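A single structure is presented below for examination.
What follows is calculated from the coordinates using simple rules that are stated; it is not laboratory data. Just so you know, these numbers come straight off a predicted model, no measurement behind them. Don't worry about glycine lacking a Cβ; one is built from the backbone with ideal geometry, like all the others, and counts go over all protein chains shown.
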Amino acid sequence: MFLGERRVCPVCGSTEFFYDRSRGELVCKKCGYVIEENIIDEGPEWRAFDPDQRAKRARTGAPMTLMIHDKGLSTDIDWRDKDIHGNQIRGMYRAKMRRLRMWQRRMRINDAAERNLAFALSELDRMAAQMMLPRRVKEEAARLYREAVMRKLIRGRSIEGMVSAALYAACRMEGIPRTLDEIARFSKVSKKEIGRSYRFLSRGLKLNLKPTSPIDYVDRFGDALNVTQKTKAKAKEILQEAIKRGITSGKGPTGLAAAALYVASLIEGEKKTQREVAEVAHVTEVTVRNRYKELVEKLKLNVSI
């Protein structure tokens with residue numbers, strides 16, 4: 001039985017359990033009722049007490065990932081010059097291993113398509129790391145780029161532009177939207193080129209993405225402004241009412257999010273200046289001021305500056 005997201009014992013209502021590893025059972029601590037049985041332990045059958053021991057006993061490699069051009073399925077020669085017993089390799093054997101390592105790297109990339117993919121994915125990883133995006137966004141962007149390569153959408157277009165477009169689309173798909181200005185700041189191409197590439201990618205892959213909601217930006221801007229959860233919640237409440245009344249139609253989501261946060265900070269007594277809010281949202285003070293006036297007038301908000 002579940003209560004919200006918590007598991008609850010159907011007999012006594014307790015929420016405290018212990019896992020009996022030997023029997024594969026989840027048991028209530030209070031009354032002993034077996035909540036779940038025949039649980040499959042997906043972990044290894046061996047134990048390790050330090051990283052070296054874990055590395056020696058593991059019989060599998062890293063999980064498959066779309067962020068590597070060969071999905072991480074090819075073998076790799078270890079960079080450490082040690083043999084199977086952990087002894088140092090010296091002399092002519094060391095030079096031989098270096099040559100083998102070099103040829104192994106070259107052989108992993110067979111043709112122009114793989115070379116394109118290898119360069120594109122390294123560029124994608126660089127941009128995502130600088131923007132501090134989570135792994136799921138990187139994987140989704142890599143999937144979009146791979147699909148574009150399969151459909152021959154990349155031909156005749158800049159790799160950097162298409163990578164930036166895939167990353168922009170992945171951010172929106174994963175609910176962590178970034179503006180074109182933010183993408184362009186870490187890209188090697190202009191905002192105009194990214195927008196053009198995104199439109200082409202969206203048509204080619206038939207991406208039916210909904211317009212970005214200003215609510216999606218509130219938490220990130222609020223954290224940058226160092227406001228409390230109460231103020232962020234108030235800003236979301238203001239935006240929800242604005243969306244319901246159709247006030248947000250045709251207006252930039254970042255400007256609206258910034259204005260809502262500005263209004264909420266005044267209402268909750270955490271006053272921030274228009275300049276501070278504008279800098280965080282990467283919009284002008286005029287935009288914040290105009291959106292602020294519209295929200296206050298049309299929602300009839302009682303705000304004292």
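Using a Gaussian network model of the chain with C-alpha springs under 10 Å, which one of Asp125, Asp52, Asp223 is most mobile by mean-square fluctuation?
Asp52
Output the Cα-based Rg and Dmax of the stretch 86-129 in Å, rounding Rg to one decimal and Dmax to a whole number.
15.4, 41
Quick check: net charge around Asp219, other residues with Cβ under 9 Å of its Cβ, Lys/Arg +1 and Asp/Glu -1?
After counting each charged neighbour, the total is +1.
Let me ask you something else. Quick one: grab the alpha carbon gyration tensor of the stretch 150-236, order the square roots of its eigenvalues as a ≥ b ≥ c, and give me rounded if a/c is under 1.5, else prolate or oblate depending on whether a/b is larger than b/c.
Taking the square roots of the gyration eigenvalues as a ≥ b ≥ c, the stretch 150-236 is prolate.
Let me ask another. Once you put a point 7 Å from the Cα of Glu279 and another 7 Å from the Cα of Asp52, both along the Cβ direction, what distance in nm separates them?
5.0
Just rank Met97, Met127, Met150, fewest to most, by other beta-carbon atoms within 10 angstrom.
Ranked by crowding around the Cβ, least crowded first: Met150, Met97, Met127.
Something else about it: At 0.36 nm per residue, and after removing the present C-alpha to C-alpha distance, how many nm does the segment from Ile39 to Glu139 gain when stretched out fully?
Here the answer is 33.0 nm.
For the chain, state what percent of all Cα-Cα pairs lands in each successive 20 Å bin, counting from 0 Å until the bin that includes the largest distance.
23, 38, 34, 5, 0
Once the stretch 202-305 is represented by equal point scatterers at the alpha-carbon sites, with solvent omitted, what log10 I(q)/I(0) does the Debye formula produce at q = 0.20 Å⁻¹?
Log10 I(q)/I(0), no solvent term: -0.92.
Remind me, relative contact order of the chain in percent, using alpha carbon pairs under 8 angstrom and six or more residues apart?
For the chain, the relative contact order is 8 percent.
Tally Lys/Arg at +1 and Asp/Glu at -1 over every other residue whose Cβ is under 14 Å from the Cβ of Asp50; what's the total? All intermediate terms of the calculation are to be shown ahead of the outcome.
Working: positive: Arg47, Arg54, Lys56, Arg57; negative: Asp52.
Residues near Asp50 contribute +3 overall.
Of all trypsin sites (Lys or Arg not before Pro) in the stretch 4-45, which ones are in loop regions per DSSP and have a Cβ with at most 14 other Cβ atoms within 10 Å?
Working: sites: Arg6, Arg7, Arg21, Arg23, Lys29, Lys30; in loops: Arg21, Arg23, Lys29, Lys30.
Answer by residue number: Arg21, Arg23, Lys29, Lys30.
By average Cβ neighbour count within 10 Å, what is the ranking of 244-252, 131-139 from highest down?
Ranking, from highest mean packing down: 131-139, 244-252.
Just report the Cα centroid separation between the stretch 214-270 and the stretch 137-167, whole Å.
Each part's Cα centre sits 33 Å from the other's.
Can you figure out the FRET efficiency of Lys271 with Arg126, using R₀ = 45 Å and their beta-carbon distance, to the nearest 0.05?
0.70
Moving to a separate point now. Would you mind checking Lys234/Lys293; Lys210/Lys272; Lys251/Lys300; Lys191/Lys232 for any pair whose Cα atoms are more than 21 angstrom apart?
Flagged as over cut-off: Lys210/Lys272; Lys191/Lys232.
If you don't mind, another one. May I ask you to give the average projected area over all directions of the convex hull of the Cα atoms of the stretch 131-172, in nm² rounded to one decimal?
2.8
Within the set of other residues whose C-beta is less than 13 Å from the C-beta of Leu180, count the net charge using Lys and Arg as +1 and Asp and Glu as -1.
For residues surrounding Leu180, the net value is +4.
Here is a further query. Where does the chain land at 222 nm, in deg cm²/dmol rounded to the nearest 500, when only DSSP H runs of n ≥ 4 count, each adding -39500 (n - 2.57), divided by all residues?
The per-residue figure over the chain is -16500 deg cm²/dmol.
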